[in-house]
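Only one structure is covered here, and it is reproduced in the block below.
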Amino acid sequence: MQLSFLGVAIAFFSGGHLSAAQQTSDLPLRSFQNIFDPLSTPAKMIHESSLLVLIVSAVIFVVVSGLMAYAIWKFRARPGQDDKEPAQVYGSIQIEMAWAVIPIIITVLLILVTARSIGEIQNVEIPEDAERIRLVGHQWWWEVHYPEHGFVTANEIHVPVDEITHFELQSADVIHSFWVPQLAGKTDCIPNRTNETWIEPFETGIYLGNCAEYCGTQHAGMRLRVIVQSREAYDAWVANQKKPAVEDPTVAAGKLAFEKTSCVNCHRMDGTLAKGVFGPDLTHLASRQTIAAGEAPLNPESLREWLRDPQTMKPGALMPDMKLTPQEVNDIADYLMTLK
């Protein structure tokens with residue numbers, strides 16, 4: 001789906017620069033995590049292999065169920081035959097060969113098809129100019145590095161459409177797994193190891209994914225979004241992420257309250273005292289769509305709820321209750337909402 005005429009017009013008259021809201025407002029939300037609707041090259045390869053497996057499984061199911069139904073009907077008990085044993089078959093070489101050879105042939109076929117698909121995905125040649133992302137899994141959120149552009153974000157991954165994006169997958173604690181069903185198969189993020197995968201989306205949109213390896217209390221709350229944009233919108237987003245967050249003097253009290261708390265020990269925010277590495281980078285927090293790794297939409301109300309008590313929104317989250325006063329909650333939330 002391309003940008004609307006109004007969006008293109010705004011981009012043209014503003015010198016080609018789109019705000020974060022304009023970059024994503026026209027993108028469809030692909031809310032179904034459906035492997036049968038592949039919209040990326042590796043996902044399409046997996047889909048084709050899956051169809052073969054389903055067809056073979058369906059044929060086996062029909063044949064076995066049919067033979068079972070036939071046997072039940074053919075050898076059902078009849079009046080006057082309650083004590084009569086049906087004819088028995090012993091030592092049939094043909095039957096024994098059939099149930100040994102046919103499964104072996106089917107298994108080998110599926111192994112070969114699977115191995116071919118895995119090989120095609122793993123051995124693809126990544127272009128030198130491909131976008132490269134380092135994705136680090138944490139309990140329970142995603143750290144997204146754009147090393148070639150020099151910035152870090154969290155939980156939402158922006159990529160250009162119709163281009164290969166290469167991922168390096170790592171973990172900061174336990175095993176996680178990167179999985180966006182419409183874009184690629186799942187690939188594990190393992191401590192002290194770097195795995196690789198790639199996507200090549202066909203259509204713009206907001207694709208939903210999640211951690212696919214049980215990783216603790218909030219495993220189900222470790223969601224992510226892949227936002228596939230036109231090259232123009234993606235470049236505008238990258239340019240905005242490289243800039244420091246705009247200072248708004250009307251929320252100076254919120255910035256001061258933020259810098260006075262221990263938030264600065266866990267989070268990083270360019271241009272402030274916050275230099276932490278344990279929590280998500282907050283430099284452009286307000287340009288994101290969700291908070292708490294997809295647990296809630298990003299708006300002033302949900303942000304205040306998160307700041308008041310993270311355990312209410314996400315029980316087990318490693319972010320502690322900061323014991324903020326109501327005024328501090330409001331001031332900090334107002335400040336964070338300006339960080340676009």
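A few comments on the model shown:
- For region 316-328, the Karplus equation 6.51 cos²θ - 1.76 cosθ + 1.60, evaluated at θ = phi - 60°, returns couplings of x, 4, 7, 6, x, 6, 7, 6, 7, 6, x, 5, 5 Hz by residue, with Gly and Pro reported as x.
- What the phi angles of region 200-213 give under the Karplus curve with 6.51, -1.76 and 1.60, with θ = phi - 60°, is a coupling list of 9, x, 8, 9, 5, x, 10, 9, 9, x, 6, 5, 10, 10 Hz, glycine and proline written as x.
- For Gly276, residues with placed amide H under 5 Å, excluding near neighbours: Cys266, His267, Arg268, Met269
- For the chain, a Gaussian network of Cα nodes joined below 10 Å ranks Gly271, Gly66, Gly150 by mean-square fluctuation, and the top entry is Gly66.
- On the beta carbon distance between Phe61 and Asp37, with R0 = 30 Å, the FRET formula returns roughly 0.80.
- The chain: most fluctuating residue of Ser65, Ser49, Ser262 per GNM, C-alpha cutoff 10 Å: Ser65
- Of Val238, Val124, Val251, the one that fluctuates the most in a GNM where the chain has Cα springs shorter than 10 Å: Val124
- Taking 20 °C and 1.002 mPa s as conditions, the chain diffuses translationally at an estimated 92 µm²/s according to Stokes-Einstein applied to its Kirkwood radius (Cα pairs).
- Rg then Dmax, both in Å and based on the Cα atoms of region 199-313: 16.0, 46.
- Karplus-derived 3J(HN,Hα) values for region 148-162, using 6.51 cos²θ - 1.76 cosθ + 1.60 with θ = phi - 60°, are 6, 10, x, 9, 10, 9, 8, 6, 10, 10, 9, 9, x, 7, 6 Hz; glycine and proline are entered as x.
- Cβ crowding within 10 Å, taken as a proxy for footprinting-reagent exposure, orders His219, His267 from fewest neighbours to most as His219, His267.
- Pairs of lysine residues in the chain that meet both criteria, 8 or more places apart or on different chains and Cα atoms under 29 Å apart, total 25.
- A Förster radius of 22 Å combined with the Cβ-Cβ distance from Lys44 to Leu112 puts the calculated FRET efficiency at roughly 0.70.
- Nearest-0.05 FRET efficiency for Leu52 and Phe75, computed from C-beta distance (R0 35 Å): 0.50
Values in this text are rule-based calculations from the coordinates and carry no lab data. Note that this is a predicted model, so its numbers are computed, not measured. Neighbour counts are summed over all protein chains in view; Cβ atoms, including those assigned to glycine, are modelled from backbone coordinates with ideal geometry.
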